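Student: Just dropping this structure here.
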Amino acid sequence: MNSKPDNLFEMVRRALAAQAELGMGEIVVGANGLSGPREAAQLIASSHRVISVAAAVEAEGKQADIFQSSVDMSTEAQFESLAAHHEAICNCQLCPLGATRNKFVYGVGNPNAQIMFIGEAPGADEDRLGEPFVGRAGQLLDKILAAMKLSRNDVYIANILKCRPPGNRDPEPAEMEKCFPYLREQVRLIQPKIICALGRIAAQALLRTTATLGALRGGWHEYQGIPLIVTYHPAALLRFEKYKKDTWEDMKKLMARYESMK
Ligand code: URA
């Protein structure tokens, strides 16, 4: 049986932990009296006013691994268009990458795309140009799209992180937790019919899992009710030629499902 909490902080912590267990994803504070979603988003982007259950529980010393819980932090703001969303969040300083980025890399493509590709984070080229997948991996992604008879204007391409991790290191869980609501709002606005996660990190973040890429590839998953397929990151294909055949199988599967939805 639970012992009686002896202070208010502990009571709040336990209540939050219980809510997290029940699947309640977020606690949002500080947006009272704001005139609209844009103002709320700007406030959120410029300060640390959104507190997730995961962060609150973790603050008390418990490890709340975001990929092993159902906790999903969210901003309260919803937007009418990708352009309005982009404008509201492009000065984000929610994590330290805001201070080291050159350009905020929001996303590129057709706002009404039916297929959305999601990668990990901008690299040096993307940070310089402000567009996802414009370096060598991006050129390979363009070739994959061309083989599917698609171009960047037919699909939408975004990343889990909107800012480059210095030295191209892996994104930190805390950075992904802060940035993820931006991607979720992009998905809500675009409403793609199919999502393709490029590589392990994108797949794990979208599916809230620690499963390996090998375990995630090959079958269908769902993100917010949208069918999701996982394939290799194009950067991995540049290094390991042998993954190309499997990637092509994944893309054929994606296109077959897409055609069946028409
Ligand atoms: N790798 C990614 O995951 N995203 C980019 O935008 C570029 C390289």
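Student: Sort out which residues of the range 207-250 are in contact (Cβ under 8 Å) with a residue 12 or more places away in the chain and among the hydroxyl-bearing types (Ser, Thr, Tyr), and write them in order of number.
Tutor: Thr209, Thr210, Thr212, Tyr223, Thr231, Tyr232, Thr247
Student: Report yes if Leu141 is farther than 17 Å from His233 by Cβ, within 11 Å of the ligand (Cβ to nearest atom) and more than 14 Å from the chain's Cα centre (by Cα), otherwise no.
Tutor: no
Every residue, every condition in (1) in a helix (DSSP H, G or I); (2) open to solvent by 20 Å² or more (accessible area, probe 1.4 Å); (3) in contact (Cβ under 8 Å) with a residue 60 or more places away in the chain, yes or no:
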residue: Ile144; (1), (2), (3): yes, yes, yes
residue: Leu150; (1), (2), (3): no, yes, no
residue: Lys162; (1), (2), (3): no, no, yes
residue: Asp170; (1), (2), (3): no, yes, no
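Condition check ((1) open to solvent by 20 Å² or more (accessible area, probe 1.4 Å); (2) farther than 24 Å from Glu80 by Cα; (3) within 16 Å of the ligand (Cβ to nearest atom); (4) not charged (D, E, K, R)) across all residues:
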site	(1), (2), (3), (4)
Asn159	no, no, yes, yes
Cys179	no, no, yes, yes
Lys193	yes, no, no, no
Leu198	no, yes, yes, yes
Arg217	yes, yes, no, no
Asp246	yes, yes, no, no
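Student: Of all the residues that make up the range 108-125, how many are open to solvent by 20 Å² or more (accessible area, probe 1.4 Å) and either within 6 Å of the ligand (Cβ to nearest atom) or within 16 Å of Ile190 (Cα to Cα) (or both)?
Tutor: Total meeting the criteria: 8.
The values are calculated or read from the model by the stated rules, or taken from the named source; none is laboratory data. All figures in this text were calculated on a predicted structure; none of them were measured in a lab. Quick reminder, even Gly has a Cβ in these numbers, built from the backbone with ideal geometry, and neighbours come from all protein chains shown. Surface accessibility is based on the protein's heavy atoms, side chains included, excluding ligands, DNA and RNA. Shrake-Rupley method; radii C 1.70, N 1.55, O 1.52, S 1.80 Å.
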